[in-house]
Ligand SMILES: NC(=O)c1ccc[n+]([C@@H]2O[C@H](COP(=O)([O-])OP(=O)(O)OC[C@H]3O[C@@H](n4cnc5c(N)ncnc54)[C@H](OP(=O)(O)O)[C@@H]3O)[C@@H](O)[C@H]2O)c1
């Protein structure tokens, strides 16, 4: 297949390209080649490329940045209207459109997690609001969509929580890490593999929850990374209130996958990431 990847130089985009380019013809575009917020250019460029599918990895992912007054409008364009533009051209070309969304579209009050069918989208921060808008515009503008909701991403080709913790451990003897937010850490390589599976098997269109299995807090996540690496640093659990950030975070945001085989555990995925 000829596949257009937007946001191809991001953390997920790069892993996805490495995986897919063995079997598919890829057009790897990032902001310089195709700014997804520019509806006219999207129509013109994508129509000319005439791909068989579009996979959108472009996003504004700075969760705290989204709260800043001067960045709000841009975040809304990149995460909201941009995916809407791609959905429209996908519909015109009658091709499948893949997009990534987030656990942060939910309010985090549901302790037993969120299934794909759960419909109460209720973001508690600006990033979640922009991503919820993206989902809405995709559903409105195209039929052949795959929305893959994921969470707590880390990967080799981007700034992420794991690398930040390893760096902090070099600089401090004791670290305080938040222990009252619960989610599902997910390795970008596993998300890329699942995307390929959905694409290759032509699974039914719709919403998919794609995360590694098992829940963790940021404290659990950091502790496990230090354990795997044999790093001796004192890690103390703390509350969100002790570590205030501009954006509110959901307390419980586990995404439940009811459509596909469970992915491997987050601990196994993390061990592979840290060994590589
Ligand atoms: N990271 C997470 O923890 C997480 C959690 C849940 C869901 N997700 C979702 O997963 C997807 C992939 O995330 P990621 O962490 O791989 O993102 P990322 O590393 O931030 O990459 C996003 C890419 O999109 C590009 N981009 C930004 N604005 C653009 C525009 N207007 N037109 C075209 N490209 C643009 C960025 O370029 P610049 O670098 O130049 O801005 C960057 O290369 C996103 O949809 C994200 O919302 C991420």
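Read-outs throughout are calculated quantities, based only on the coordinates presented, and are distinct from any laboratory measurement. It should be emphasised that the depicted structure is a prediction, and the values quoted were computed from it without experimental measurement. Here the Cβ positions follow ideal geometry from the backbone for every residue, glycine too, while neighbour counts run over all protein chains shown.
Just round it to a whole percent: the fraction of Cα-Cα distances in segment 204-276 exceeding 16 Å.
62 percent
If the elastic network links every pair of Cα atoms under 10 Å, which of 35, 52, 173 fluctuates the most in the Gaussian network model of the chain?
Answer for the Gaussian network model of the chain: 173.
Can you put 60, 161 in order, fewest other beta carbons within 10 Å first? Before the final figure, lay out the partial values.
On the way: 60 22, 161 16.
The order, fewest Cβ neighbours first, is 161, 60.
Grab the DSSP H runs of the chain that are 4 residues or longer, score each as -39,500 (n - 2.57), total them, divide by all residues and round the 222 nm result to the nearest 500 deg cm²/dmol.
One gets -11500 deg cm²/dmol as the mean residue ellipticity at 222 nm.
Suppose we keep just the DSSP beta bridges with both residues in the chain; what percent of those would be antiparallel, to 5?
Just about 5 percent of them are antiparallel.
What is the Cα radius of gyration of segment 93-151 over 2.2 N^0.38 Å, N being its residue count?
Rounded to two decimals, the normalised Rg is 1.16.
Quick one: length gained pulling residue 229 to residue 21 fully straight, 0.36 nm per residue minus the C-alpha distance?
71.7 nm
Would you mind classifying segment 63-113 by shape? Square roots of the alpha carbon gyration tensor eigenvalues, ordered a ≥ b ≥ c; an a/c under 1.5 is rounded, otherwise it is prolate if a/b is larger than b/c and oblate if not.
The shape class here is oblate.
I'd like the projected area of segment 152-216, averaged over all directions, using the convex hull of its alpha carbons. Report it in nm² with one decimal.
5.8 nm²
Between segment 1-69 and segment 73-114, what's the alpha-carbon centroid distance in Å?
If we compute the Cα centre of each part, the gap is 13 Å.
Please work out, to two decimal places, the log10 of the ratio I(q)/I(0) at q = 0.11, 0.14 Å⁻¹ from a Debye calculation in which every Cα of the chain carries one identical scatterer.
-0.61, -0.99
With an 8 Å Cα cut-off and a minimum separation of 6 or more residues, compute the relative contact order for the chain in percent.
It comes to 21 percent, rounded to a whole number.
Express the C-alpha Rg of segment 68-180 as a ratio against the empirical globular expectation 2.2 N^0.38 Å, rounded to two decimals.
Numbers: Rg = 17.1 Å, N = 113, 2.2 N^0.38 = 13.3 Å.
Output field value: 1.29.
When 172, 24 are ordered from fewest to most other Cβ atoms inside 10 Å of their Cβ, what list results? Walk me through the intermediate numbers first.
Working: 172 11, 24 17.
So the residues, fewest neighbours to most, are 172, 24.
Report the equivalent ellipsoid semi-axes for segment 128-185 in whole Å, largest first, defined as the square roots of five times the eigenvalues of the gyration tensor built from alpha carbon atoms.
For segment 128-185, the ellipsoid semi-axes come out as 35, 13, 9 Å.
Specify whether the C-alpha gyration tensor of segment 1-147 places it in the rounded, prolate or oblate class, a ≥ b ≥ c being the square roots of the eigenvalues: rounded for a/c under 1.5, otherwise prolate if a/b is larger than b/c and oblate if not.
prolate
Under the rule a/c < 1.5 gives rounded, and otherwise a/b versus b/c splits prolate from oblate, where does segment 1-58 land using the Cα gyration tensor?
Taking the square roots of the gyration eigenvalues as a ≥ b ≥ c, segment 1-58 is oblate.
Can you compute log10 of I(q)/I(0) for segment 95-240 with the Debye formula, treating each Cα as one identical point scatterer, at q = 0.08, 0.09, 0.10 Å⁻¹?
Debye output, listed in q order: -0.27, -0.34, -0.41.
Counting only C-alpha contacts under 8 Å and six or more residues apart, can you give the relative contact order of segment 1-94 as a whole percent? Display every interim value, and only then the final one.
Numbers: 126 pairs, mean separation 32.2, N = 94.
The normalised contact order for segment 1-94 reaches 34 percent.
So, R0 is 41 Å and r is the distance between the beta-carbons of residue 49 and residue 258; what FRET efficiency does that work out to, to 0.05?
After rounding to 0.05, the efficiency reads 0.75.
Based only on other Cβ atoms within 10 Å, what is the fewest-to-most ordering of 226, 221?
226, 221
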